[in-house]
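Everything on this sheet refers to the single structure shown next.
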Amino acid sequence: MSGDWSRRRFLGEASGVAALALAGGRSFALPGSPAPLRGRFLTHVSVVRVNQIEVTPDRSIGLDEAADNSPERIRSRREAFARGCPDGKMTWAISWLALNDSRKEYQEARHLLASYHDRYGDEVTFIPGGYFAPMYNTREEIRKTIHDALGMVSKMVGGAYRPECLVAGYMDAENQRLLATDEGIHVCQGQIWSQHGIDHGDGDGGICYPYYPSREHYLKPARGAADFIDCVCLDGWTCDFLAARREGFQGGFNSRLGVGPIESVGNLGKVAGRKEMMDTTAVHFDRGHELNGFGWVTGIWEVSIGHDEDLTYWLQAVRDRWPDTQVIAEGAFGLKWREHTPNNALLNYRFDEKGTGAPGSEKNLEIQWFMNRDFRLALLHDWEKNSPPMAIDFTRYDLKVEEPQGLQREWSLMNVLNQKGTRPQDKPIALRQLSAIDQHLIYERYPQLKA
């Protein structure tokens, strides 16, 4: 190879589809490769459970929420969704205890979910561990629980039904691999993007849009055939990028602020909260759609939290403002992305947000994210003062990494620089102050960032 060809790399991966990528962030697929995904997509997941956090089949922590997962609450949620988007499809995730509870209320709840699949085409699937299975249980036990629960879901819905995804909060790489190879399910809501210092699990360091995880770590995108897992890993909640750069409740702000009703309407009130939900959505459906060719917004709302009227409002407002939005089930979205994206070779997600003005999302600040299979990079600056951009996150995916082997809450992937600022080295830094190797990686893909 010579001339310009010397700067190109064949990047065909596990799918066998060859692709080419050029240095400088420009990329294209060879003839015969699928076209990139286009459009606007919204996915909504509702969770039906008994206990707040069912960490294993026989152990729970948190509150007993049986009364808040009644058939009446389930009907209310589905009716609210239908009012907001009559032709939309949603995903229901049911917990282990809710699958096995013999009380009349849960028998009726299971019947309702099955009827929603028959009537509306909704997806019904399992949620292991109350979002935190790897933090509280071994990979082997998680594997067995998933297999048994998926069988229960199939029996509950009937007609040889099989869900197209697993809703998991966090899920280790090995169980995502087994989900694909043993269960034939190729979509997993397997990470909670940028969560750290909140709830019962920490997992910052990944990509907030779909990717195929590496066998090394669930937050690392696969870089070739050897570490490729054929399971599309999805985020669980779309968050305001500026709020999400914080650790937990640092500064008195909620780092999970975005489309979730607890953090938005619950904390800010109806007017300000709904505005934040729409402003966060716009980041992806306006500028994000322009940069990436498609936009995706998602959220998991437990039935127990209510906020049904806010779901109706959000869906209606989204359809009014972006009438082309496809409101589809979680598994359907993941498989649609998989059809258009056979590997991670051409991943090049970009996001650009100016603060919404909500608490923690300063109106004078602008954050830019660059996410690909080699690294993720975040730049922050004051656009009103035209201050120079400073890197607040640079996470390399070309470095060897391992997941935790014991039970612990920390499942993040952090190396060079992390946005949460939890380590001494996590201080904003100019790109020119990064190492020569780091600068080369960045400028090779994004030469426009070189001052």
Could you tell me which numbered condition F394 fails, if it satisfies all but one of (1) open to solvent by less than 40 Å² (accessible area, probe 1.4 Å); (2) outside any helix (DSSP H, G or I); (3) in contact (Cβ under 8 Å) with a residue 60 or more places away in the chain?
(3)
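Given the criterion part of a strand (DSSP E or B) and either touching a residue at least 60 places away in the same chain (Cβ under 8 Å) or at negative phi (or both), identify the matching residue among V297, V318.
None of the other options fit; the residue is V297.
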Considering only region 328-356, how many residues are part of a strand (DSSP E or B) and either open to solvent by 10 Å² or more (accessible area, probe 1.4 Å) or not hydrophobic (A, V, I, L, M, F, W, C) (or both)?
6
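Go through region 258-299 and count every residue that is hydrophobic (A, V, I, L, M, F, W, C) and farther than 20 Å from R245 by Cα.
Selection size over region 258-299: 6.
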Failed condition for D230, given (1) over 25 Å from F333 (Cα atoms); (2) part of a loop (DSSP other than H, G, I, E, B); (3) of a type outside the set (V, I, T):
(1)
Inspect region 294-308 for any residue being open to solvent by 30 Å² or more (accessible area, probe 1.4 Å), within 21 Å of G236 (Cβ to Cβ) and out of contact with any Ser or Thr (no Cβ under 6 Å at 6 or more places or on another chain) and give the result as yes or no.
yes
The correct count of residues that are open to solvent by less than 20 Å² (accessible area, probe 1.4 Å) and under 15 Å from G360 (Cα atoms) in region 225-259 is 12
Odd one out for D199, checked against (1) open to solvent by 30 Å² or more (accessible area, probe 1.4 Å); (2) within 22 Å of the chain's Cα centre (by Cα); (3) at pLDDT 95 or above
(3)
Which of the residues belonging to region 376-409 are aliphatic (A, V, I, L, M), touching a helix residue (DSSP H, G or I) at 6+ places or on another chain (Cβ under 8 Å) and more than 25 Å from A430 (Cα to Cα)?
L407
Selection from region 39-73 of residues among the acidic types (D, E) and touching a residue at least 60 places away in the same chain (Cβ under 8 Å) yields E54, E65, D68
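The values are calculated or read from the model by the stated rules, or taken from the named source; none is laboratory data. For clarity, every value in this text was computed on a predicted model and none was experimentally measured. Neighbour counts are summed over all protein chains in view; Cβ atoms, including those assigned to glycine, are modelled from backbone coordinates with ideal geometry. In case anyone asks, the SASA skips ligands and DNA or RNA and just uses the protein heavy atoms, side chains included. Shrake-Rupley method; radii C 1.70, N 1.55, O 1.52, S 1.80 Å.
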